[in-house]
Structures are given as structure tokens and as C-alpha cells.
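Asks: Quick one: this structure, given as C-alpha cells, is what I'll be asking you about.
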Amino acid sequence: MKLGICILIITLFCLGCTSPTDNKAIANGVPQDSISLWIDWAKDSAGLELSDKQILLQKAYTRTLELPDKVARTEKLADISYANLVLGDSVHFKKANSTLLQLSKKNDDFKSHGMAHWDLADFHKRSQPDSAYYHYREAYILFSKADLEERIKDYPARMLYSMASVKEDVKDYVGAEKDAIQAIELYKEYNSQERLFNSYDLLAVIQNGLGKFDKALEYHEKSVPYIKAANPRKQFEFKIRNLNNVAGTHLRSGNYEEASELFALLSKEDSLFQKEPRLFAKVLTSKAYSDFKKGDTNYDNILAQIEYSSNISDSLGARYELARNLQYTAEVFAKSGDTAQALKSGYRAIQIAAETENYDRLLTSLKLLTTLDKPNGATHAKAYFDLSEQLQLQERNVQDKFARIQMETDEIIEQNEFLERRTAWLAGITLGIVLLGIGLFVIISQRISNQKLKFKQKQQESNQEIYNLMLAQHGKVEEGKKTEQKRVSEELHDGILGQMLGIRLVLSGLNERNDSAAVAQREELIVKLQELEEEIRTISHELSASAYEKVHNFIISIKELIQDKERASGITVHFTYEEDFEWDQLNGDIKINTYRIIQETLQNSIKHAKCKTIRVSFTLDKNLLHLEIADDGIGFDNSRGKKGIGLKNITSRVEKMHANLEINSTPTTGTTVVIKIPNVDLYKQNPKAKSLRNTVLEA
């Protein structure tokens, strides 16, 4: 074998030493381009080492740059770029791909230019989905312009399918659905049976992501006729994939009986274990879990099936699936009453999911542990929500990049169309000058034509400007709506839902108690519910135009709050502030958070402090705003670990403003709450002459 490889390399080296005019090799009696021969051997030869393949491709790259035919040059570069991509040689791939991009763009070779972007998209698909989407879209546009041969007419459709696949990976299901449907329309036009199966299958997966399970089953059904029309080598793969995806859809939708039957049928498929052992292992787990969810109580059998699946996956090095198996195992143990084994499997599932970056499984495992491991439930819940928020943010960022890429690409297309129109206009003027000598009538006619073209162009520009203004105005209106919705949501979530949760938990504990202390506690909770009712009414009023104008004057809002509390409690509240400060210029987040903190602190003092006087003051120190609330009540033990809901809400709002919180309390001097809010632009003397701060803090 080694001798044959050496002879082959020596032969290829001799071919490379031939002159450009004798750049042909003979293979099986048929003349063949030596560059193509090198590329084919580098891609397909199993007997060559990676280093030998790289040498062949580098030799092909050097010889390609010497080719006089620019079309042949870009076509060979496209083959070399793809071959390097297949080998995983990123350095030489980038080099060949960069050269291909430059030459194909310079030569207006749309097909080769599209191939370069296609290779770059495949290169970035796993690590940078936004870059992959950009290059797939560029390839789609270029292929749509190119005069493609009949065998590759479906290249634009293949790019749309790839764009949909990238979007589905980051859960941009709406955008993915649009691209997949467009790909299907083109594939039908080109009668691409095999690719129609893939497209309908992807569209069904997208519907699963959207929670439209009936629609997903409909698309899986539509893909079935294309299985028989596919290449015989692909028919088994397509059949198995379709059956597995249909069963998975039933499992997600809660139709466990149907899912169990289909997975059982799939597990008995001839040669599935030999041809697709990884899929076979997944099917075993899915079958066992379907049986468990439909009510099968033979837990030992279910656990044995999952363990067998795990052994297969482990032997294949498929650790990604192990997290799923461990999560299901934890659920089965929990159902059977073996809490210790359930916790062990649950924690192991989290570990494997984190190591393999299986974040969806990590989320479901954390969610499971919140119910299994109740002493640490809060910790698991926090980890779940933190990870969920992080993943959603990442997905939104990528989806936003998709939208910007599409928008920018559309703008470039519009600019190109405008340039083409301008070129046509200039050509018309040039033609008019050439025809000037023909006669006065032709000149006058041409001038009229030119004037019409100018008027049409100006009209189009005016229409475009009006349209852009309308879009901008609509965007501002939508932004305002979203901001207000977010504010109201946070008010309800932070202020009301937290307190209602606390009341619910206390009432749950009082359900089985009928002593006088329990009755008193219930009465206190009823009073608390009445206060929550008043707070909900306040938030409702703030949504009206008149309430909005009221809150706009910050100091007046504080004064009215204090007056309401004085009237309701009979306690004297003193309010001091600096009058030469432009309070309404404060950031909106600071105003609403300080208002809520004062509201909550006054309520605590009135209910618990047994005080006679409360002081509220705003003072300014350089770039700090000091809020101090002090009462002369009985105070409380500030060192105790447990905090009430009100104090937690205050702490949360202080953190949102990036402020510092100090609480000092003694039995003799009462309680003093001091909050120092940083990064506040101070507007004294002539505040309107200064510019407003641009920083917006998350409320």
C-alpha cells in the first residue's frame, strides 16, 4: 500500500512539472485535467495521509492561479475551496476562499461567487449562525442572478433551505418557516423529490418548535410520497427519520399511546441497530419514556431499557444524549418513590448537559430538580431562570442580526436597482447627444423623454422618503408601546406578584389551623390583600393620561403619597428636598423606583414601627442622590437572616438603580433607611441649559 501511494505521488508530481500547454493527464484512456485529478484524489482517496492531501490541494491552487481562462480559474478555485473545507484545513480553506471571492466578484461570475459564500456559510454554521445566515443569503442572491446549468438549477432553493435550518437552530421559527416554504415552492418548480422530503421534514420540525403539533404531523405526512421517489440509498434513512419524527411529535403533544406504538415499531426495524446505532439508542429511550408517561408501572423494565440505551450511546461516544437519558431516569425513580436515586440521576443529568452544552436538556433538568430537591428548590429555580434568560437573550441577539442582515441586503439590492436605473438614464442622455444631428424633431422628442424620466425618478425618491418617514414614525410608536408595557409588567411582577406569593404561602400554612393566632394572621393577610387591591387600582390609574401627567411632576407625586399616608394612619410625615433642583429631569427609572421604595418603606413604618413621626428627605452630593427615610418607632433586629417581601422588593429596586442601601435600626432611635443613587446628572440653577443624560438603567 505504501509503495502504491509513493508511486502515485511521484506520478502526480511529474504531472505537475509538465508545461501549462501540456496540462493533461491520461486516466483510463480518457484525457483528464491534472488539476481536477489532484482535487479528486485529495477529496476521495482513502489511502492518502492528510498531509499528502494538503500538498495536492496546494499544488492545484498554485497551478489554478496560472490558468489563462478566468472562468476555468474560478471554477477550479471553487473546487479547491470546498475540498479544503471537507478536509477541515481552515487555513488553506480561508486562503483559497478569499482568492475565489476576489476573482469571481471581479469577473462577475455569479455562480462561483455564490459557491464561495456557500462554503463560508458551511464553515461558520456551527460556531457563528449569524455569519452562516449572511453567507447563505448572499449565495442565494448570487445564484438567483446566475445562469445555472440544469443539474444545479435548485441552488437558490438549497440556500433557502439552509437559511431556514440556521434559523430553526436558534429558534427563529417564524423566519425559518417563511424560508422553508419558499424553498419548497422552488423545489417543486425544479421537481427535486429528495430535497422536497428534507424541506417538508424541516417544516414539520419548525411547527413542533411553534407548538403546532397537528400542523407538524400534516407536513410529515406530506413528506412521505417523496421517500419512494428518492435515491434508493436514501430511502431507508428517510423512512426511519420520518417515523422517528412523527413519533417524537406525538410524544411532545402528549399522545403517549401513539408515540409508544410508533417507537416500538421503529425499534424492531431491520438493520436499524447496524445502520444507525445512535438513532437506535435514542429510539429505545423514547419508547421507554413514552411507556412511562402513558402510565406503565413496570419501572424496572423502563429503567433497564434506558440503561441499555445509555450503554449504546456511551460506547459510541454520544455523551450528548446521556443527559436526556439521565433526566428520564430521574423522573422514573421519583415516580417509583426512590428519591435518592432520582436526585442522583438529576444531578448527573445537569452535569452531562453542561459539559456537552446541551442547554435545552440542562433547562429541563434544572426544572425537574426544583420539584425533586425541595430544600434547594430556590437555588435550582434561580439557576433555571438565569440560564433561560441568558439563552433567550442570545437567541434574540442572533435573530436581531438575521433581521439586520436581511434589511441591509435588501437596501443593497435597492441601491443596485437605483444605480441600474441611473445608468439607463445616462445612456438615454448619451443616445440623445448622438442623435442630435438627425434632426430637430428627434432632439425635441428626446428632451421630452428625458424630462419624463427625471420626473419619475424624483417622484420615486419622494415616495421612498415618505415611506421611510412612515416606517420611522411607526417604529417610534411601537417602541413607546413596548416601553410602557415593560414598565407596567415590572410594576405588577415586582410589587404585587411578590406580595401575593408571600400571602399565598402563609395562607397555605394556616389552612389547617383554627386557633386565635391563625385567625389574627388571616385578618392581617386580608388587610394586606386590600392594600394590594389599592396598589392595583393605583397602577390602573397611572395608565390613564391624567395619571401620567400627575406622575410627570415627581415632587408633587411624592407629596400626594405622603399626604395619603398621613390621612390614613394619623402619623406625621415630614418631607424635605432641594427646591433648586430640576426633579422632573431625573431618569424615569429612578423616579418610579424611588417612588415605590418610599411607598413600601412608609407602609412598613406605619404597620410595624409604632412610630409617631416619619422623616423623608432628598439631598444631593456631587453626583449622588441621597434618599433617607427615618422613623422614631420601636425598630427591629436588622441582623436576622430572614427578610420580608417588602424588604426584598426594596432591595431589588435598589439593585436596578445600581444604588447602595443602608438600614440602621435600634429600639431607642427607630429605623433609618438610606439609599445612595449614583450617576445622577444634577440640574441646578439653569437646568434646561444642560443636556439630558442618555444612560437608561434597567428598571
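Asks: What are the residues whose amide H is under 5 Å from the amide H of Ser45, where those residues sit 5 or more places off or on another chain and H is modelled from the backbone?
Replies: none
Asks: Looking at the P(r) of segment 39-157, how many percent of alpha-carbon pairs lie beyond 22 Å?
Replies: Counting pairs separated by more than 22 Å, the tail of P(r) holds 33 percent.
Asks: Provide the gained length on full extension for the span Thr613 to Ala304, in nm with one decimal, where the gain is 0.36 nm per separating residue minus the Cα-Cα distance.
Replies: That works out to 104.2 nm of additional length.
Asks: Taking amide hydrogens as modeled 1.01 Å from N in the peptide plane, which residues meet the under 5 Å criterion relative to Ile614, leaving out close sequence neighbours?
Replies: Thr572, Val573, His574
Asks: Among the lysines, select those whose C-alpha is under 23 Å from the C-alpha of Lys481, and discard any that sit fewer than 8 residues away in the same chain.
Replies: Candidates past the 8-residue exclusion: Lys401, Lys550, Lys591, Lys656.
Asks: Continuing with the same structure: For segment 204-354, report the translational diffusion coefficient in µm²/s to the nearest whole number, using Stokes-Einstein at 20 °C, 1.002 mPa s, and a Kirkwood Rh over Cα pairs.
Replies: Stokes-Einstein gives a translational diffusion coefficient of 132 µm²/s.
Asks: Over segment 556-689, what is the mean sequence separation of C-alpha contacts under 8 Å (at least six apart), divided by residue count, expressed as relative contact order in percent?
Replies: 27 percent
Asks: Right, here's the next one. Test of the criteria: in segment 94-149, which trypsin sites (Lys or Arg not before Pro) are in a DSSP loop and have at most 14 other Cβ atoms within 10 angstrom of their Cβ?
Replies: Taking segment 94-149 and a limit of 14 other Cβ atoms within 10 Å, the loop trypsin sites (Lys or Arg not before Pro) found are Arg126.
Asks: Okay, next question. Mark the label point 7 Å from the Cα of Leu148 along Cα→Cβ and return the residues of segment 200-224 whose backbone N is within less than 17 Å of it.
Replies: 200
Asks: Further, regarding this structure: So how far, in whole Å, is the C-alpha centre of segment 567-600 from the one of segment 145-162?
Replies: 65 Å
Asks: Kirkwood Rh, segment 177-241, all Cα pairs: how many Å?
Replies: Roughly 11.8 Å, rounded to one decimal.
Asks: Continuing with this model, one more query. With r defined as the distance between the Cβ atoms of Leu435 and Asp108 and R0 fixed at 22 Å, what FRET efficiency is calculated, to the nearest 0.05?
Replies: 0.15
Asks: Here's a follow-up. How high is the FRET efficiency from Asn311 to Asp44, r the C-beta distance, R0 41 Å, rounded to 0.05?
Replies: 0.70
Asks: Still on this structure: Using a simple spin-label model with points 7 Å from Cα along the Cα→Cβ vector, what separation in nm is obtained for Ile556 and Glu628?
Replies: Using points 7 Å along Cα→Cβ, the separation is 2.9 nm.
Asks: Also, I was wondering about something else. Spelling out what I want: for every residue of segment 188-194, take phi, set θ = phi - 60°, compute 6.51 cos²θ - 1.76 cosθ + 1.60 (Karplus), and round to whole Hz; glycine and proline get x.
Replies: Each residue's phi maps through the Karplus curve to give 5, 5, 8, 6, 8, 4, 4 Hz.
Asks: While we're on this one: Where the only charges are on Cβ atoms (+1 Lys, Arg; -1 Asp, Glu), what is the dipole of segment 324-375 about its Cα centre, to the nearest 20 debye?
Replies: Charge dipole, segment 324-375, about its Cα centre: 120 debye, nearest 20.
Asks: Kindly provide the pair-distance distribution of segment 326-398 built from C-alpha pairs, with 10 Å bins from 0 and whole-percent values in order of increasing distance.
Replies: All Cα pairs, binned at 10 Å, distribute as 22, 50, 22, 5, 0 percent.
Asks: Points 7 angstrom from Cα along the Cβ direction at Leu525 and Val91: gap in nanometres?
Replies: Here the answer is 7.0 nm between the modelled labels.
Asks: Continuing with this model, one more query. Working out 0.36 nm times the residue gap between Ser445 and Asn397, then minus their Cα-Cα distance, what length gain in nm do you get to one decimal?
Replies: Value of the extension gain: 11.8 nm.
Asks: On the first, second and third principal axes, largest extent first, how far apart are the outermost C-alpha atoms of segment 556-689 in Å?
Replies: 47, 32, 22
Asks: Per residue of segment 374-380, what does 6.51 cos²θ - 1.76 cosθ + 1.60 with θ = phi - 60° give for ³J(HN,Hα)? Whole Hz please, x for Gly and Pro, Karplus curve as stated.
Replies: Residue by residue, segment 374-380 yields 4, x, 10, x, 5, 5, 5 Hz.
Read-outs: derived from the displayed coordinates by stated rules, not from any lab. What you see is a predicted model; the values in this text were computed from it and never measured. Quick reminder, even Gly has a Cβ in these numbers, built from the backbone with ideal geometry, and neighbours come from all protein chains shown.
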